[in-house]
Amino acid sequence: MKYIFVTGGVVSSLGKGLTAASLGTLLEHRGLKVCLQKFDPYLNVDPGTMNPYQHGEVYVLDDGTETDLDLGHYERFTHVQLTKLNNLTSGRVYLNVLERERKGGYLGKTVQVIPHITDEIQDRIRLVAETSKADVLITEIGGTTGDIEGLPFLEAIREFALEQGPHNALFIHVTYVPFIKAAGELKTKPTQQSVAKLREIGIAPQILVCRCDRPLAKDVRQKISLFCNVPYEAVIEERDVEYSIYEVPLMLQRERMDELVCQRLQLDQPAGDMSRWQDTIRKLIAPQHRVRIGVVGKYTGLPDAYKSVYEAITHGGVANDCGVEVERIEAEQIEREGAEKVLKGLGGILVPGGFGDRGIEGKIAAAQYARVHQLPYLGLCLGMQIATIEFARHVLNLEKAHSTEFDATTPHPVIALLEEQQAVTEMGGTMRLGSQEIQLKMDSRAARLYGAFVVHERHRHRYEFNNRYRPAFEAAGFHLCGTSHGGELVELIELAGHPFFMACQFHPEFRSKPHAAHPLFQGFIAAVLQRQQTRGVSG
Ligand code: GLN
């Protein structure tokens, strides 16, 4: 077993997760079985209750674990099957240690950061290594070198790597080489200082991945090599990508990073064929078609808040050889200016998941606009609940229909809480979470797109379609095409007489990949494209 540890320096948001995932891709293409895990030094026990402004989207795994969005990159870029073991926060580490202490598990000893916290971290590395049966385990340490809360993780991996020996463990440091305008040059000092900080605690990174906005000239590489104590070829340029994050693996391959990693870890694996990735990039850069869709949400100013949704849209585009321009629309803008003004000219509308009542009426207006104007609509989780409320109000004439999440006293609770959720008071990890079986109606569009009648999809919600209203909706052409195993819960709806109006209670975006777009996203973009082609309009 080989271990790679990825740390980050200078600033956050350098794309450590993408770098780790891209390295995973390259190693997989060399025929290695790869596993990835993420350590998050913050004190939240899991990211499930964190606000998207803080942390971007909450990514959900098959087993229902609510995790960091970097795990989404891991799953999209590689074939890893992640579970709750693959994400560890300081909060979880301390909780485990303190619970053990309360139960007398330390036999009255003084419980300390070293060795108890660090041992707990190392135990997790071993556990993931054993259960994954991978050849290489890539562990990304969140945060930035120098953060106080990151220290126990760094100490833990230092000790762990020492134990493994030099050919079995490797430290990669992702750092920033800024261009300073006044000086007209790239500056290496932040990188030097960040590496010095790591060496202070006993970690000497062997590969430096340098994030920069322009090429690293030879003299800059030489300087970094000399002052950071790494060979010249271990200074890897990772420039800002021009078109897409899916260029990163190709960029790192050009820099021969995977070759270097294999040399260092004494892995004798030939280089892989990356032609599928190249083809994807080709379709991203120069697609045959182009469409424009609107994503109507609440956190539209923040690209990370709907990360997987945006990625899945891109994948759906690639599958149709179609570039998708996404207009991020603040739902409240529709409330202020009206749907017609904001949505006119779009080729399709997507309403993603969400919580809280800000912007709800704007989303309902967007669903109505899509329904009435025969515009392709894809609703995800809250987006299905929105479509339900809209249909109830404007087609079934249930005027004040609502979800009890937003109006507890509505006379028509078409979306309501499951009985088992009514008693829940703890917010962390208590929703309907993770992969569940869904049965699709034989004659549904969804079954055609999936090419299957039984599928498994990930969930993260509390509220449900209220079964009392099933007959009324069905009779009016709001078809309940997907239900949970046993038929109790509505999972997917389709509108009759509409070219593409589909919404699901689950989150298909978490299962989409660049070369294997999720069928619902593929179908959605295909419908947008078809409408555009038949109408001869652009956008
Ligand atoms: N707020 C809704 C619920 O809890 C939808 C959740 C979501 O979109 N993820 O059911």
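The values are calculated or read from the model by the stated rules, or taken from the named source; none is laboratory data. Computed from a predicted structure; not experimentally measured. Please note: Cβ atoms are built from the backbone with ideal geometry, for glycine as well, and neighbour counts cover all protein chains shown. Remember, those area values only see protein heavy atoms, side chains included, never the ligands or the DNA or RNA. Shrake-Rupley method; radii C 1.70, N 1.55, O 1.52, S 1.80 Å.
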D_trans [Stokes-Einstein, Kirkwood Rh over alpha-carbon pairs] for the range 209-255, 25 °C, 0.890 mPa s, µm² s⁻¹
220
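What fraction, in whole percent, of alpha-carbon pairs in the range 140-185 exceed 11 Å separation?
When all Cα pairs of the range 140-185 are counted, 74 percent exceed 11 Å.
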With label points set 7 Å from each Cα along the Cα-to-Cβ direction at GLU163 and LYS341, the distance between them in nm comes to 6.3
Where GluC sites (Glu not before Pro) fall in DSSP loop in the range 232-291, at most 15 other Cβ within 10 Å:
GLU242
So if I restrict to the alpha-carbon atoms in the range 130-274, what is the Rg, and what is Dmax, the biggest pairwise distance, in Å?
15.9, 52
Neighbourhood net charge (11 Å Cβ-Cβ; Lys/Arg +1, Asp/Glu -1) for VAL10
+4
Can you compute the radius of gyration and Dmax for the range 212-342, using only the Cα atoms, both in Å?
20.3, 62
For each pair in LYS2/LYS187; LYS283/LYS344; LYS181/LYS223; LYS16/LYS84, compute the distance between the two Cα atoms and list the pairs where it is over 24 Å.
LYS2/LYS187; LYS283/LYS344
Quick one: Cα centre-to-centre distance for the range 5-21 and the range 95-146, in angstrom?
21
Percent of Cα-Cα pairs more than 41 Å apart in the chain, please.
27
Which whole-angstrom value gives the distance between the alpha carbon centres of the range 248-286 and the range 336-382?
40
A chain fully extended from HIS456 to GLN269 at 0.36 nm per residue, minus the present Cα-Cα distance, gains in nm 63.8 nm
Assign unit charges at the C-beta atoms only (+1 for Lys and Arg, -1 for Asp and Glu), then state the dipole size of the range 69-117 relative to its Cα centre in Debye, rounded to the nearest 20.
200
When you take every Cα atom in the range 479-537, what is the radius of gyration, and what is Dmax, the widest Cα pair distance, in Å?
13.7, 44
Rg over Rh of the range 335-378, using C-alpha atoms and the Kirkwood radius, what does it come to?
0.95
Based on the inverse mean of 1/r over its pairs of different Cα atoms, what is the Kirkwood hydrodynamic radius of the range 379-498, in Å?
14.9
Two pseudo-spin positions, 7 Å from Cα along C-beta at LEU107 and at ILE180, lie apart in nanometres by 5.6
Mean Cβ count within 10 Å, highest first, over the residues of peptides 518-525, 130-137
518-525, 130-137
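Compute the projected area of the convex hull of the Cα atoms of the range 172-211, averaged over all viewing directions, and report it in nm² to one decimal place.
Here the figure is 2.7 nm², rounded to one decimal.
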I'd like to compare 396-404, 140-148: which one has the highest average count of other Cβ atoms within 10 Å, and what's the full order after that?
140-148, 396-404
The range 475-530 accessible area per residue, 1.4 Å probe, protein heavy atoms, integer Å², reads 27
What nm distance separates the two modelled labels at LYS513 and VAL395, each placed 7 Å from Cα along Cα→Cβ?
3.6
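Stokes-Einstein at 37 °C, 0.692 mPa s, Kirkwood radius from Cα pairs: D for the range 338-414 in µm² s⁻¹? Could you put the intermediate results ahead of the total?
Values: Rh = 12.5 Å.
Rounded to a whole number, D works out at 262 µm²/s.
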P(r) for the range 326-455: what percent of alpha-carbon pairs falls in each 10 Å bin, starting at zero?
11, 36, 35, 18, 1
Percentage of interatomic Cα-Cα distances in the range 76-184 larger than 20 Å:
52
Anisotropy class of the range 255-314 from Cα gyration tensor, a/c 1.5 cut:
oblate
Rh by Kirkwood over Cα pairs, then Stokes-Einstein D for the range 372-423 at 1.567 mPa s and 4 °C, µm²/s
110
